[in-house]
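Participant: First the structure, then my questions, so here it is.
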Amino acid sequence: MNQETINILIWVSPLIVGGIIAAINANSVNDTTEKVEAWTRRTQTNVSTKSSWFYRYIVNPVLWTIVKFSDWTDSFTHRGLKNGVRVAASLYLVAAWCFIFYAALMFIVIVAIVIAILYVGFKVLLDSNEDVRRGYEKGRSIIGSGGSGTRTNPETGIIQEEGLFGYIDTDTRVNQETGVIQKKGLFGWNDTDERIDPESGKIQKEGFLGYNDTDTKVNQETGVIQKKGLLGWNDTDERIDPESGKHQKRGLLGWVDE
């Protein structure tokens, strides 16, 4: 027996069961079927009063459909046919509802997996970009940049994003004393593994033996972001405005806020 034949038998089995009940029309079978039908009605009535989402959206719809179909078969004069149709229809309805529930569950799982993959990929990309956080020291204040459309509050060190009504604080700041880049947690500010060297303006990563320089720094006098080359530090076309803390790009007519 191949798989196709097995599938056909599974699909027609409710019809076979219902047909047997209708054909034999035995009182004992009819009595049992009607007891189950009465129990289904009582259960549906009880479930319809519950506020739980599981009962309201999972259990009650299928029971309500079975009850309404049973109401439609009340006009059947042949007792065996009435109960046979009820059993066959109920089996099909339960199977269909289980399939819908399974498909919806699988869809939710797939969407959750896709979102998780995208989130992890975004985090890896973000964490691997050393230019995401930039900063410089002006006087005793360390000023950093989170990227395009951002600035660092010179008084608090908090990195801010530009919104419709001005700059809004993010969950990242530069510690004014140590230069360590921090993330806001439930119980205050937590250090990350990056900092901006107060003396040189270099962006550093924490290692086993202390902080190690990266190939990026902020020129202390001009605010220009520089990359380390073979012959020294080379200016990029980006800087942090010494007055406003805004991230800027070099244009044809000078520095332009992003």
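Since every read-out is calculated from the coordinates, none of them should be taken as a lab result. Keep in mind it's a predicted model, so treat the numbers as computed, not measured. Cβ: placed from backbone, ideal geometry, glycine included. Neighbour counts: every protein chain shown.
Participant: Any idea which of 20, 98, 66 is furthest toward the positive side of the dipole for the stretch 1-116, if Lys and Arg beta-carbons carry +1 and Asp and Glu beta-carbons -1?
Facilitator: With unit charges placed on the Cβ atoms, the residue in question is 66.
Participant: If packing is taken as the average count of other Cβ atoms within 10 Å, what order do 22-34, 98-110, 43-55 fall into, highest mean first?
Facilitator: 22-34, 43-55, 98-110
Participant: Sticking with this structure for a sec: Would you tally the net charge around residue 191, using a Cβ to Cβ cut-off of less than 10 Å, leaving residue 191 out, and scoring K and R as +1, D and E as -1?
Facilitator: -1
Participant: Additional query: Tell me the label-point distance for the pair residue 228, residue 213, using the 7 Å Cα-to-Cβ offset, in nm and rounded to one decimal.
Facilitator: Result for the modelled spin labels: 0.5 nm.
Participant: Subtract the Cα-Cα distance of residue 28 and residue 96 from 0.36 nm times their separation in residues, and report this length gain in nm to one decimal.
Facilitator: Result for the pair: 21.6 nm of gain on full extension.
Participant: So how far apart, in nm, are the two label points at residue 73 and residue 119 if each is 7 Å from Cα heading toward Cβ?
Facilitator: 4.7 nm
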